[in-house]
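Below you'll find the structure, written out as structure tokens, and then a few comments.
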Amino acid sequence: MTHILIVEDDTLISDMIKKLLFQNGYNTTTAYSGTEAILLLKQQSFDLILLDLMLPGMSGEVVLEQIKESSDTPVIGVSSKTDTDSKVNLIRRGADDYLTKPFDNKELLVRIEAVLRRYQKGNTAPQEILHFKDLTLNSTTLEVKIENEQISLTRYEFLILKLLMTNPSRVFTKNIIYESVWNENFEGEENAINVHIGNLRKKFSKVIPDETYIQTVWGLGFKMQ
């Protein structure tokens, strides 16, 4: 499961982010100061860091510099500063993205997905065979099977299923699905995604009627179930 370090001194905001990420399949650890964050990073590794810049004592900018001196973990800076210079300076210091407070929950999730996707593409070899329950997807042969029975999928059905199976515990928003599969900006084309998800479910149920493989997370998107 993807592990995210939340560095935020405001306990209400920290708890809100922690709850949101947990609901979307992420494991989290919280730090309430820059010093605490640095200590945690020495003890364990994380897949991504959400870093508030307005921290007591050690500033977020200094924390960012120390992180980048010893780690390539992606960092999303969070601040109430809206001026362009602040954003540019943060990116120059090594941040992978910048989010302005107050932020929309869906925007936060999309930013996290995008940064993780870019990072994983550059640092991991693609998995040729994915497994979930008795479902198998082979990226090399383009075969999908349930209990060794092959299922014929269209191109988009295959790509959507592959995306979901890369991280079964994560909720993939419709924005991320559309941008990943169609390689275009999402502009509310929910019907296309819904149709393909519906087709996948029908094809799975023909093989095993009583098993559920794809869950709808209302208001957010889809995940494996």
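The values are calculated or read from the model by the stated rules, or taken from the named source; none is laboratory data. Everything quoted here is computed from the prediction, not taken from an experiment. Virtual Cβ from ideal backbone geometry, glycine too; neighbours counted across all protein chains shown. Ligands, DNA and RNA are excluded from the accessible area calculation, which covers all protein heavy atoms including side chains. Shrake-Rupley method; radii C 1.70, N 1.55, O 1.52, S 1.80 Å.
Report the full-extension gain for the segment residue 104 to residue 133: residue separation times 0.36 nm, less the Cα-Cα distance, to one decimal in nm.
Extra length from residue 104 to residue 133 when fully extended: 7.0 nm.
Can you tell me, using C-alpha contacts under 8 Å and at least 6 residues apart, the relative contact order of the chain as a whole percent?
Relative contact order here is 13 percent.
If each DSSP helix of 4+ residues adds -39,500 (n - 2.57) and the sum is divided by the residues in the chain, what number results at 222 nm, nearest 500 deg cm²/dmol?
Mean residue ellipticity, 222 nm, calculated: -14000 deg cm²/dmol.
I'd like the distance between the alpha-carbon centres of the stretch 38-92 and the stretch 198-225, rounded to an integer number of Å.
After rounding, the separation between the Cα centres reads 38 Å.
In whole Hz, with x marking every Gly and Pro, tabulate ³J(HN,Hα) for the stretch 41-47 from phi via Karplus 6.51 cos²θ - 1.76 cosθ + 1.60, θ = phi - 60°.
The phi angles translate into 5, 6, 8, 8, 9, 10, 8 Hz.
Could you order 91, 6 by accessible surface area, starting with the largest, using a probe radius of 1.4 Å? Each step should come with its number before you reach the end.
Values: 91 85, 6 0 Å².
The ranking, largest first, comes out as 91, 6.
Under the classification rounded if a/c is under 1.5, otherwise prolate if a/b is larger than b/c and oblate if not, where does the stretch 1-67 fall, given a ≥ b ≥ c as square roots of the Cα gyration tensor eigenvalues?
oblate
In nm, to one decimal, how far is the residue 159 label point from the residue 11 one, both placed 7 Å along Cα→Cβ?
About 4.7 nm, to one decimal.
Tell me, what HN-Hα J-couplings in whole Hz come from the Karplus equation 6.51 cos²θ - 1.76 cosθ + 1.60 at θ = phi - 60° for each residue of the stretch 135-143, using x for Gly and Pro?
Coupling constants for the stretch 135-143: 9, 10, 10, 10, 6, 7, 8, 6, 9 Hz.
Quick one: in the stretch 46-99, what % of C-alpha pairs are over 12 Å apart?
Pairs farther apart than 12 Å: 60 percent.
For the chain, give the percent of accessible area contributed by carbon and sulfur heavy atoms, probe 1.4 Å, rounded to a whole number.
Here it works out to 48 percent.
Tell me which label goes with the value of Rg and Dmax of the Cα atoms in Å computed from the coordinates here: [x] 19.4, 60; [y] 27.5, 85; [z] 16.7, 53.
[x]
At what distance in nm do the modelled label points of residue 191 and residue 82 sit from each other, each positioned 7 Å from its Cα along Cα→Cβ?
Inter-label distance under the simple model: 3.6 nm.
Based on the Cβ-Cβ distance from residue 20 to residue 207, what FRET efficiency comes out when R0 is 30 Å, to the nearest 0.05? Could the numbers behind the result be given before it?
Numbers: r = 35 Å, r/R0 = 1.17.
E(calc), rounded to 0.05, equals 0.30.
What FRET efficiency would be calculated for the residue pair residue 142, residue 44, taking the C-beta separation as r and a Förster radius of 45 Å, to the nearest 0.05? List each step's numbers first, then the result.
Working: r = 38 Å, r/R0 = 0.84.
Calculated transfer efficiency: 0.75.
Ignoring ligands, DNA and RNA, what accessible area per residue does the chain give at 1.4 Å, in Å²?
Working: 11850 Å² over 225 residues.
That works out to 53 Å² for each residue.
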